[in-house]
Amino acid sequence: MTDVFISYSRKDKDFIGMLNSALAKINRDVWVDWEDIPLTSEWWKEIQRGIEAAGTFIFIITPNSAASAVCRDEVEHAVKLNKRLVPIVRDDSFDKDKIHPALGKYNWLFFRESDNFDEAFLSLIKALDTDLEHVRTHTRLLLWAIQWKDKGKSDDLILRGRDFEDASVWLEQSKKSKKTPSAKGIITDYIKVSRLNYEREKKVEQYNALIDKTMRSYVRGYLENRKKEIEQNIQEIMASEYYKKMRTTSELQIARENLSIVQNLLGEKARWHPQEAVMTGNTGAEGDYVDVYTFPCCNRAVAVDTGPSQFREDGCEESP
């Protein structure tokens, strides 16, 4: 983004150089086209992008700019985008009928040769700094909205989260305060579409929360009973003669795996492996082979009869 776009006739270049230098000294970022070249489609696109990215559109009024078709096109593009306009009169011998009607709605600043440049420049800076944050937000939203439109109004480019909330607040404040530039056109369309998506996502979020709450209430009793059954099964296995002799059994491993899953569903373990385990081999005594699975996320190996759940006590991350 830039602070200012200056629209002028090439025949008035000397004054533009003086104004640009004065703005540069106070660190104002200015977009000004110094090239005296024929109008082409690519050149015009650059001009349009310069106008779109500028907070304020300054139009230098002289007989030359009043008669320029290119200057009028630049004003027209700025008006279409609802840019803040600052008309500057450099030479008042122009034909008023040739001036774009939109320029008549604003207070003109006079930078004629007979005027005091420093005093006029202070008035210009005061105009540029008025509601500066409002203007910058307008420019930022405009650029986003134009990109959204140019990309076929893709849902990937609409406002979300904090950006949408800030834009909504800005829009409401803009309507109440009646600041310029006002919010209308493509910006309001952009925020409107973003609002529809925001409200739809909120409804989905609320629905999922309701489903989650209902499911937790419905299945919690079942899970708690299942946990008790598995814990009792583990105790029985460990009390068996086979376990006392071998100190291990695939049946015990499966039971512990199932217990870990149930505990995670109950929110007791709250750990998980973000990547699904991959079988990497097998191990065990004859007649009691089990497969070996490895979690790629942390390279932890687990020996079980079936693929282990990603929700485990030994998970490498906290559950989301």
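Table for the structure above
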{"item": "Contacts under 7 angstrom Cβ, first residue in the stretch 3-15 being at pLDDT below 90, partner in a strand (DSSP E or B) and aliphatic (A, V, I, L, M), 6 or more apart", "result": "D12/I60"}
{"item": "Subset of the stretch 57-83 (residues that are buried (at least 24 other Cβ atoms within 10 Å of the Cβ) and not hydrophobic (A, V, I, L, M, F, W, C))", "result": "S65, E74, K83"}
{"item": "Selection status of I125, in the same structural domain as R28 (by TED's automatic domain parsing) and β-branched (V, I, T)", "result": "yes"}
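The values are calculated or read from the model by the stated rules, or taken from the named source; none is laboratory data. Keep in mind it's a predicted model, so treat the numbers as computed, not measured. Note that each Cβ is placed from the backbone with ideal geometry, even for glycine, and that neighbours are counted across all protein chains shown.
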